[in-house]
1. Nearest 0.05, what FRET efficiency do TRP74 and LYS14 give at R0 = 25 Å with Cβ-Cβ as r?
2. Quick check for me: using +1 on Lys/Arg Cβ and -1 on Asp/Glu Cβ, what's the dipole size of segment 18-108 about its Cα centre, in debye to the nearest 20?
3. Can you give the helix-only mean residue ellipticity at 222 nm for the chain, where every DSSP H stretch with n ≥ 4 adds -39500 (n - 2.57) and the sum goes over all residues, rounded to the nearest 500 deg cm²/dmol?
4. Under a plain spin-label model, where a point goes 7 Å from the Cα along Cα-to-Cβ, how far apart in nm are ASP26 and SER85?
5. Treat every Asp and Glu Cβ in segment 67-112 as -1 and every Lys and Arg Cβ as +1, leave all other atoms uncharged, and give the resulting dipole magnitude about the Cα centre to the nearest 20 debye.
Amino acid sequence: MTDNPERLIEQPSKMQALDRDQAALDLEAVLRLPQGRRVMLRILERCGLYRNAFSGSSHETTALRLGEQNVGLWLIAQMENVGPSEYPRLLLEASRLRENEKEKVDVLDPEE
């Protein structure tokens, strides 16, 4: 046991900083992989950041959508901790993926 109560208060914050640093390193490793970036895109799309959370029919549905959006915003904040260009880079990749998919559809059915 220690006689210095300030030392006890400092320890959790040091541990939290180490956890935060490790989480950033883990996310950075995920974002380095094309597969990891694709998974992050799917998760963020599921979070519905760009849809209206309001549901006129149900408070529960609105609360659920807001919760999903909150998770998405948290993930974006985590990516910004890794690097400020991570989320914009992910958006650019999503745009390119959509364009590639559109081109594939156009090649398969050029009349559409």
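1. Using R0 = 25 Å, I get an efficiency of 0.65.
2. Dipole of segment 18-108, to the nearest 20 debye: 240 debye.
3. Here the helix-only value at 222 nm equals -28000 deg cm²/dmol.
4. 2.6 nm
5. So the dipole magnitude of segment 67-112 works out to roughly 300 debye.
Every number in this text was worked out from the coordinates using simple rules, so none of it is lab data. As the structure is a computational prediction, the values presented were derived from the model and not from experiment. Counting neighbours? That spans all protein chains shown, and the Cβs are built from the backbone with ideal geometry, glycine included.
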